[in-house]
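Heads up, the thing below is written out as structure tokens.
No value in this document is a laboratory result; all are computed from the given coordinates. What you see is a predicted model, and the numbers here were worked out from it, not measured in a lab. Neighbour counts run over all protein chains shown; Cβ positions are idealised from the backbone, glycine included.
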């Protein structure tokens, strides 16, 4: 996703300095005019605005707060935008650390997967200082279609948790519908044409159900990252003393998907675990 997103900024004419833990993955951007840096701190030293997208909360912590992290040399007026889905508490911690240097940190997790990143149609959920958000809005508009400022630091991450909770419930519904339709002897493509035009219509049905029918479980968004997101949501729910039985169930099913060796497949690989439960492994 980061490759596509950075490519959009280059296409808009923004000067870009890039860093990736695997340098080869950034080569297509360097070929398009991006300047390579050897560390997150070096990127920050060359930039007024820094955007990050990594995998897991420990990665975010290292990129921002590590010895070669972005905040090591933060200066007044800089804006740091984290597009990773991570813990709301970590986003607030980074915001406080940035403010100590007169800088600003914005949490801006995204939704839309690989398709949204390629097409610059991501939904971006934003938390942080309103003036800083306004300053970087042209950059966010180059990446996404729906960009909403949710409130103070951490609010973007909380909103992304709402997004992931919704997706979790939707995904199990779509997969179980396909299982039911197959068992009932329906033509699944014909069935999908009917229900996608009614109240069941949703992004998952339009974009991932066809991939399931083709047995294409390549990732737009990986199972292991979705398990991480659901874990964050469950942790936050426990902190708020909020029961989440549906989310807990889907989290367990995805843990089974990962145990079956599909952690780096797309989230629609939930179908594989449900097929095994139904005795229909294919």
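Modelled spin labels at residue 240 and residue 4, positioned 7 Å past Cα toward Cβ, are 2.9 nm from each other.
As a length-normalised measure over Cα pairs under 8 Å and 6 or more apart, the relative contact order of the chain settles at 13 percent.
For the stretch 2-151, averaging the sequence separation of C-alpha pairs within contact (under 8 Å, six or more residues apart) and dividing by the residue count gives a relative contact order of 19 percent. Restricting attention to the stretch 18-126, close to 20% of DSSP beta bridges with both partner residues there are antiparallel. Per the Cα gyration tensor, the stretch 159-277 maps to an equivalent ellipsoid with semi-axes of 25, 16, 12 Å, ordered largest to smallest. Could you work out how far helix 2-11 tilts from the main Cα principal axis of the chain, as a 0 to 90 degree angle to the nearest 10? With rounding to tens, the tilt is 50 degrees. Counting beta carbons within 10 Å around each of 192, 3 and listing the fewest first gives the order 3, 192. Taking other Cβ atoms within 10 Å as a rough exposure proxy, 42, 91, 194 sort from fewest to most as 194, 42, 91. Per-residue Cβ neighbour counts within 10 Å put 19, 180, 14 in the sequence 180, 14, 19, beginning with the fewest. Taking the C-alpha atoms only, the angle from helix 155-183 to the longest principal axis of the chain is near 20 degrees.
Label the chain by shape, choosing from rounded, prolate and oblate, from the square roots a ≥ b ≥ c of the eigenvalues of the Cα gyration tensor; if a/c is under 1.5 it is rounded, and otherwise prolate applies when a/b is larger than b/c, oblate when it is not. Verdict is prolate for the chain. The mean sequence separation of alpha-carbon pairs under 8 Å and at least six residues apart, normalised by the residue count of the stretch 1-62, gives a relative contact order of 29 percent. The percentage of C-alpha pairs in the stretch 183-251 whose separation is greater than 17 Å is 60%. For the stretch 17-152, the share of alpha carbon pairs falling in successive 10 Å distance bins from zero is 13, 43, 38, 5 percent.
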